[in-house]
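Taking it in order: structure first as structure tokens, then the write-up.
What follows is calculated from the coordinates using simple rules that are stated; it is not laboratory data. Everything numeric in this text was worked out from a predicted model, so none of it was measured. Ideal geometry is used to build each Cβ from the backbone, glycine not excepted, and the neighbour counts take in all protein chains shown.
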Amino acid sequence: MPIDSEFGRGCSRRCRRSRPRARITCAPASSIASRSTQCASTWPTRGPRPAVKFCYITGWRSYSEVFPLRWSQVDFKGGFVRLEPGTTKNREGRVFPLTPELRALLEQRLEYTRRCERAQDKIIPHVFHRKGQPLKYMRRSWTTACKNAGVPGRLLHDLRRSAVRNLERAGVSRSVAMKMTGHKTESVYRRYAIVSESDLREAAAKLAAATAER
């Protein structure tokens, strides 16, 4: 199974080098999120599905930023979810606005968490958990989801690429998008802002239309 920097934690450097990483091409990358999240919809809400969707929306790093997320970092009233300074890869704090889709996801998680708390008579601080146990790994379920979706070998980290693409297509300015996803340099951000074949065809159609009007 391909391993990225997050999946490789706990392995030796030699182990990481010996395992080839799946290379991402434009066409599959544009479909990975929709296919994988569609397959993940068969997972129960108490499982990894909500975490996958959160990664797809925000582009945040799964193992270091999403899985450890706590309710104290979610501000429903203010409309933001936050990462505190020192807890991210670049050590900078970050906020992401609660879009309707993201708010609905977190509200469902809160309802599920409250049910678990009542049943177990204890406080559950984590947003993503399995019956109160923090979500830490999902390699096997992710691998299975990708195989069932027809895109085997994809990485959970590819959802970060999908989020960047969604922000680009929505017209969000690059400086704002970088703040939302946590990319510190534009050179790294540009590697994630891939252009698919459908984008190129759409651009060609617009160019043809503009030329025809002259």
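A few notes on this one:
- Label-point gap, in nm, between ALA170 and THR144 - each point 7 angstrom along Cα→Cβ: 3.1
- For ARG130, distant residues with modelled amide H under 5 Å away: LEU135
- Integer Hz, Karplus 6.51/-1.76/1.60 couplings in order for segment 51-61, x for Gly and Pro: 5, 4, 5, 4, 4, 5, 6, 8, x, 6, 5
- Projecting label points 7 angstrom from Cα along Cα→Cβ for TYR137 and GLU111 puts them 3.2 nm apart.
- Peptides 79-87, 161-169, 65-73, 51-59 ordered by packing proxy, namely the average of other Cβ atoms within 10 Å per residue, highest first: 51-59, 161-169, 65-73, 79-87.
- Out-of-range pairs (alpha-carbon distance over 24 Å; input LYS53/LYS77; LYS53/LYS89; LYS53/LYS147; LYS77/LYS136; LYS89/LYS147; LYS89/LYS179): LYS77/LYS136; LYS89/LYS147
- Close amide-amide hydrogen proximity is noted between ARG70 and VAL127, each under 5 Å apart and 5 or more residues distant or on a separate chain (H modeled in the peptide plane; Pro and chain starts excluded).
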